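In what follows, a structure is listed as structure tokens, so that the remarks can point back to it.
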């Protein structure tokens, strides 16, 4: 087996409209409708399917719970610009820029929460010496 990349994942949310507004307006993701009125957030080569808590699509996780995710998104925008954008939009940051370890190389990250309390990490990959 040779897995290539993640195609999509599912977030269980309390309010699909509030989630869409946050990810669209704060993180510039595209809101898309597919199938029989299902909603997803698209960015890059990935999408996040949204399930409303209590109205999930089958099959689903054993215990789908709003606010249980911890997600890291890479951005090419300098984090200083991202911080400025978020601050002007009134988004509370949980930390300043901190060093972390990414999947491929070191990263610099900031943290915030979405409307359900999911932890959102926004990061820049660093070039290794």
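Any read-out appearing in this document is the output of simple, stated calculations on the displayed coordinates, not a laboratory observation. The model shown is predicted, which means the values in this text are computed figures rather than measured ones. Cβ sites come from the backbone with ideal geometry, for glycine too, and all protein chains shown count toward neighbours.
A few points about this structure:
- Highest-first arrangement of 66-73, 101-108, 120-127, where packing means the average Cβ count within 10 Å: 120-127, 66-73, 101-108
- Semi-axis lengths (Å, descending) of the ellipsoid that matches the C-alpha gyration tensor of the range 8-125: 25, 15, 14
- DSSP bridge pairs, the chain: antiparallel proportion in percent, nearest 5: 65 percent
- The fewest-to-most ranking of 29, 1 by surrounding Cβ atoms within 10 Å reads 1, 29.
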